[in-house]
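*Asks:* One structure coming up, written as structure tokens, with questions to follow.
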Amino acid sequence: MDKVYGVMLIGCGHIGEDHLADIYYRDNIHIVAVVDIDDKRAKLFQKKYNADHWGTDYREFLDLPELDIVIIATYVNTHLSILKDCVAAHKHVLCEKPIAATREEGREFYKVAKNADVKVLVAHILRYNATYEKICDLIWNGEIGELKVARMSQNHHALNWPRYKRLLEDCSPILDCGIHYMDIIQWFTGSKIREVMGYGTTVDTDLDPGVVNYGMIVMRLQNGGMAYYEAGWGQTFSSANVKEFIGTKGRIRLTMNAQRGTDCEMGDRIELFRLSTGETETINVQCKYKDMYRQLCGLIDMIEGRPTRAPDIEQVYSAFKVAVAADKAVRESANVIVEDNW
């Protein structure tokens, strides 16, 4: 990588810091600007990550010739408008998921990204996670036969409750977190999710009417497989992370390193059970959970025309449609068909 890419971060919050902390010191990255509606936060990021500029309005910097890439790490209700401005300014974009909070804005985001004369990458960060890549390779290599069942949960004990309450104003955990795993299931199987059934509830008593902070869904795939997913953000939840993939010839169970109990230094633990031998193999994977630099390099690969495992906009939009259907199912306690033509 000979070229040094100029980067602007929009959104100096939790996920924005995850991005900058992993990229600012790289030889091929230069932080041109950091932007946040909170001027104190933007100033802090400018000092902390040695950015050339800081500000509260990203549009002031879009015409800078040294700016190549914009990272959108703002609340989801702003993603579409910022994307449009960046594309109009001919800047490449790395945008946090989900692309939108509503079906209509998601469709428009997809159309803008698909027709853009720049590269747009949506941050499905698990595509750049070495552990999930290993699991995908095991499944694709036939180690567990045909994947028929996936069991997944991702509950958060929300210690920073004001932050989570703000996130819940835009979308539920099923949409915000679930979209990762809907993408994962379609990636692992090569089959689309066609039907979603769900239920949801409100656990914390200080949430606005209509806000759902826990949901559980069951998904049926085109190939006949099924997947279960639950997600909750709340003050009384315990943190939970269950990932199990069951096939016709075996199963894979993932335990993140922080939840191993012992041998955490070995990294994530993949347990691969083979029906043919009746034995379980343990595979340790040293993995950075959110490899933001590797993800950004995926966008650079797209820009420079190299092969990449990055999800294309069709795959991103497919996962978004499932997530929106799942959110609808949870809110209405209903079965929802995921259609191609919307």
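None of the figures in this text is laboratory data; all of them are computed from the coordinates on show. The structure presented is a predicted model; accordingly, all values stated were derived computationally and were not measured. Reconstructed Cβ throughout: ideal geometry from the backbone, glycine too, with neighbour counts over all protein chains shown.
*Asks:* Can you show me the helix-derived [θ] at 222 nm for the chain, built from DSSP H runs with n ≥ 4 at -39,500 (n - 2.57) apiece and divided by the number of residues, rounded to the nearest 500.
*Replies:* -10000 deg cm²/dmol
*Asks:* Ok, one more. Among S318, L296, M266, whose Cα lies farthest out toward the positive end of the dipole of the stretch 260-318, if unit charges sit on the beta carbon of Lys, Arg (+1) and Asp, Glu (-1)?
*Replies:* Most positive-ward Cα: L296.
*Asks:* Next up: If you take the charge dipole of the stretch 1-127 about its Cα centre, with +1 on Lys and Arg Cβ and -1 on Asp and Glu Cβ, which of V70, F109, Y49 is farthest toward its positive end?
*Replies:* The Cα lying farthest towards the positive end belongs to F109.
*Asks:* Please give the charge dipole size of the stretch 5-123, origin at the Cα centre, charges +1 on K and R Cβ atoms and -1 on D and E Cβ atoms. Round to the nearest 20 debye.
*Replies:* 260 debye
*Asks:* For K148, go through the aspartates and glutamates and keep the ones whose alpha-carbon is under 19 Å away, minus same-chain ones fewer than eight residues off.
*Replies:* The qualifying aspartates and glutamates are E133, D137, D183, E195, E230, E244, E271.
*Asks:* Related question: Pick out, in residue order, every one of the chymotrypsin sites (Phe, Trp or Tyr not before Pro) in the stretch 1-67 that is DSSP loop and has at most 16 other C-beta atoms within 10 Å; say none if there are none.
*Replies:* Taking the stretch 1-67 and a limit of 16 other Cβ atoms within 10 Å, the loop chymotrypsin sites (Phe, Trp or Tyr not before Pro) found are Y25.
*Asks:* How would you rank 290-300, 171-181, highest first, on the average number of other Cβ atoms within 10 Å across their residues?
*Replies:* Going by the mean number of other Cβ atoms within 10 Å, highest first, we get 171-181, 290-300.
*Asks:* Which value, in debye to the nearest 20, describes the size of the charge dipole of the chain about its Cα centre when Lys and Arg Cβ atoms bear +1, Asp and Glu Cβ atoms bear -1, and nothing else is charged?
*Replies:* In total the dipole reaches around 600 debye.
*Asks:* Taking the alpha-carbon distance from K40 and a cut-off under 24 Å, which lysines remain once sequence neighbours fewer than 8 residues away in the same chain are dropped?
*Replies:* Straight-line reach from K40, under 24 Å: K48, K165.
*Asks:* Holding the Cα-Cα limit at 26 Å, pick out from K43/K119; K114/K134; K43/K91 the pairs that are longer than that.
*Replies:* K43/K119; K114/K134
*Asks:* Sort 275-287, 11-23 for me by packing, meaning the mean count of neighbouring Cβ atoms within 10 Å per residue, highest on top.
*Replies:* 11-23, 275-287
*Asks:* Using Cα-Cα distances under 8 Å and only pairs 6 or more residues apart, what relative contact order does the stretch 5-123 have, in percent?
*Replies:* For the stretch 5-123, the relative contact order is 23 percent.
*Asks:* Report the one residue of L80, I135, I37 whose Cα lies farthest in the direction of the positive end of the charge dipole of the chain (charges on C-beta: Lys and Arg +1, Asp and Glu -1; origin at the Cα centre).
*Replies:* I135
*Asks:* Then there's this: Hey, can you rank 261-268, 205-212 by average C-beta count inside 10 Å, highest first?
*Replies:* Top of the packing list down: 261-268, 205-212.
*Asks:* If one computes P(r) from the Cα atoms of the stretch 1-109, what percent of pairs lie at distances over 16 Å?
*Replies:* Result for the distance tail: 54 percent.
*Asks:* Comparing I303, I69, I135, which has the greatest mean-square fluctuation in the GNM of the chain with Cα pairs linked when under 10 Å apart?
*Replies:* I303
*Asks:* Is the shape of the stretch 194-342 rounded, prolate or oblate, going by the alpha carbon gyration tensor and its root eigenvalues a ≥ b ≥ c, with a/c under 1.5 for rounded and a/b larger than b/c for prolate?
*Replies:* Here the stretch 194-342 falls in the rounded category.
*Asks:* P(r) tail for the chain, what percent of Cα pairs lie past 28 Å?
*Replies:* Of all Cα-Cα pairs in the chain, 44 percent lie more than 28 Å apart.
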